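The values are calculated or read from the model by the stated rules, or taken from the named source; none is laboratory data. These numbers come from a predicted model, not from an experiment. Every residue, glycine as well, gets a Cβ built from its backbone with ideal geometry; the counts of neighbours run over all protein chains shown. Ligands, DNA and RNA are excluded from the accessible area calculation, which covers all protein heavy atoms including side chains. Shrake-Rupley method; radii C 1.70, N 1.55, O 1.52, S 1.80 Å.
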Amino acid sequence: MLEAINSVVTAINGVVWGWPMIILLFGTHLYMTFRTGFIQWKSVTKGIKLSVTKDPDAEGEVSQFGALTTALAATIGTGNIIGVGTAIALGGPGAVLWIWLTGVFGIATKYAESLIAVKYRVKTDDGRMQGGAMYALERGLNMKWLGLLFAIFGGFASFGIGCATQVNAIATVCYTNFHIPRWLVGVVVAILTAIVIFGGIKAIANVCEKLVPFMAIFYVLGCIVILCMNYDYIIPALGVICRLAFTPGAAAGGLVGSGIMMALRFGVARGLFSNESGLGSAPIAAAAAQTRNPVRQALVSSTGTFWDTVVVCAMTGLVLVTTIMKNPSINADEIPDGGVLTSLAFGQIPVLGPIILTLGIVSFAYSTVLGWAYYGERCVEYFAGKKVLLLYRCLYVAVAVIAPVVALDLVWLIADTLNALMAIPNLVAVLLLSNVIISETKKYINDLDAKDDTPIPVIKD
């Protein structure tokens, strides 16, 4: 029975992550880049500054920085470490270029989906902000049925991509490096998760504001140390990454490129898993932000893709490729596990290397657990109502307890499939509302302090 389910899910996964999805996703990134006039420039120059600027007079539950770090908490996860290694193992080093390009052009899509999330957000009668692709589809396009599908996919995906796979990664690294029993890790993570998520978005944002900057800086410093050790291989590695992104071939250390199809498929898939641009998840957090107008928060949210993929994933990819080229004993062709590749790379730093990697995986994965708990709550509340939130939180914590001691191959596959299924309705919203996005951009981009006085609709719980 399990084998039959696995075969069906594998077949569906092959379809949803085939060329049509790659074209839809990457095509949307390119389309929104040109339509917004390369908003990436504004994102980096103005979005980063706005992300640390408070906007207390605007409506919302959390600060712009709180919304950004909550989204970053969910996006900067094991995909930045293990996911990049897996992409290199399966798609060759050329996949790194496609991960990076997915991030660069994905900034425009993250901007667009966040803008409509804020524009079409609503408020509950107890003051909580609700927003995301489901409300943009319902209020902006009168397509509530598609919004319901997005929410259902997102609600179920949260148990896999947001909880089970992340907690399992934490348990694996703790057991491998410190021999801590897996079940104990599950219990501890579950308790810590319960303490935070039962406090709602404000508690989640409060933790993420402190955890995300620390974990990102700590991990990036580790990458910089390794790149300094491998400095003479950086230029050759960049050449290999660019060459094997388009043509089949081989390089030092068993690095093999299977051509553009494999590099593109695994690069784009891992890029989406990492930065979630086009997935529609981060805008759910953006909708809770205190912001004067939709463009202001959209710029802030789009910086998440810059930090996640353009910086962190790119550094991980360069660390892995330079390490493999420098150490002939590491045969990438014989190591299909991205986690093993990353462990070997960080093992170059005496004593501290494994500690940096362990803390990186633990903090990245735990922050993802928190961020996705909020995403899942908003999705579940949309299609099932506020009354089921307590049950959802209890189930989420229960999954954290059992995740370390169960096989997750099928869970990974289902989560990957649900990611693609979430992306489809979200990208429909972005493309069909592109005129609204451009109109709002023109209205506020040169006057980001202007206040949008459009009343936010109040809905009954």
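Report every pair of residues separated by at least 6 positions or lying on different chains whose Cβ atoms are under 8 Å apart, first residue within the stretch 422-443 and open to solvent by 10 Å² or more (accessible area, probe 1.4 Å) and modelled with pLDDT of 95 or more, second among the polar types (S, T, N, Q) and assigned to a helix (DSSP H, G or I).
LEU431/THR28
Which condition breaks for ALA403 when tested against (1) open to solvent by 30 Å² or more (accessible area, probe 1.4 Å); (2) closer than 28 Å to GLY14 by Cβ; (3) at pLDDT 85 or above?
Only one criterion is unmet by ALA403, namely (1).
Within the bounds of the stretch 392-399, is there any residue that is assigned to a helix (DSSP H, G or I), open to solvent by 40 Å² or more (accessible area, probe 1.4 Å) and under 21 Å from ARG182 (Cβ atoms)?
Among the residues of the stretch 392-399, at least one is assigned to a helix (DSSP H, G or I), open to solvent by 40 Å² or more (accessible area, probe 1.4 Å) and under 21 Å from ARG182 (Cβ atoms), which makes the answer yes.
Just one of the numbered conditions (1) over 17 Å from PRO283 (Cα atoms); (2) modelled with pLDDT under 80 is not true of LEU97; which one?
(2)
Among ARG265, ARG182, which is the only one that is open to solvent by 10 Å² or more (accessible area, probe 1.4 Å), at pLDDT below 80, in contact with a helix residue (DSSP H, G or I) (Cβ under 7 Å, 6 or more places away or on another chain) and among the basic types (Lys, Arg)? Break it down stepwise before answering.
Values: ARG182 fails: at pLDDT below 80.
After ruling out the rest, the residue left standing is ARG265.
Among the listed residues ASN142, ASN177, which satisfies the condition of being surrounded by fewer than 19 Cβ atoms within 10 Å (Cβ to Cβ), in contact with a helix residue (DSSP H, G or I) (Cβ under 9 Å, 6 or more places away or on another chain) and farther than 15 Å from VAL380 by Cβ? Write out each step before concluding.
Numbers: ASN142 fails: in contact with a helix residue (DSSP H, G or I) (Cβ under 9 Å, 6 or more places away or on another chain).
After applying the criteria, what remains is ASN177.
Which condition from (1) in a helix (DSSP H, G or I); (2) open to solvent by 10 Å² or more (accessible area, probe 1.4 Å) is the one that LEU370 breaks?
Evaluating LEU370 over (1) in a helix (DSSP H, G or I); (2) open to solvent by 10 Å² or more (accessible area, probe 1.4 Å) leaves (2) as the failure.
Only one of VAL173, VAL188, VAL220, VAL212 is more than 18 Å from the chain's Cα centre (by Cα) and closer than 30 Å to ALA314 by Cα. Can you tell me which?
Within the list VAL173, VAL188, VAL220, VAL212, the selection yields VAL173.
Restricting attention to the stretch 376-391, and to residues there that are open to solvent by 70 Å² or more (accessible area, probe 1.4 Å) and in contact (Cβ under 8 Å) with a residue 12 or more places away in the chain, which single residue is nearest to LEU148 (Cα to Cα)? Give the derivation first.
Restricting attention to the stretch 376-391, the residues satisfying the condition of being open to solvent by 70 Å² or more (accessible area, probe 1.4 Å) are 383, 386-387, 390-391.
Those still in the list that are in contact (Cβ under 8 Å) with a residue 12 or more places away in the chain too: 383, 386.
Details: PHE383: 6, LYS386: 15 Å.
Within the stretch 376-391, the match that is nearest to LEU148 (Cα to Cα) is PHE383.
For the stretch 1-68, which helices (runs of 4 or more DSSP H) that fit wholly inside it have 3 or more residues that are of a type in the set (Gly, Ala, Ser) and surrounded by fewer than 16 Cβ atoms within 10 Å (Cβ to Cβ)?
Hits in the stretch 1-68: 2-16.
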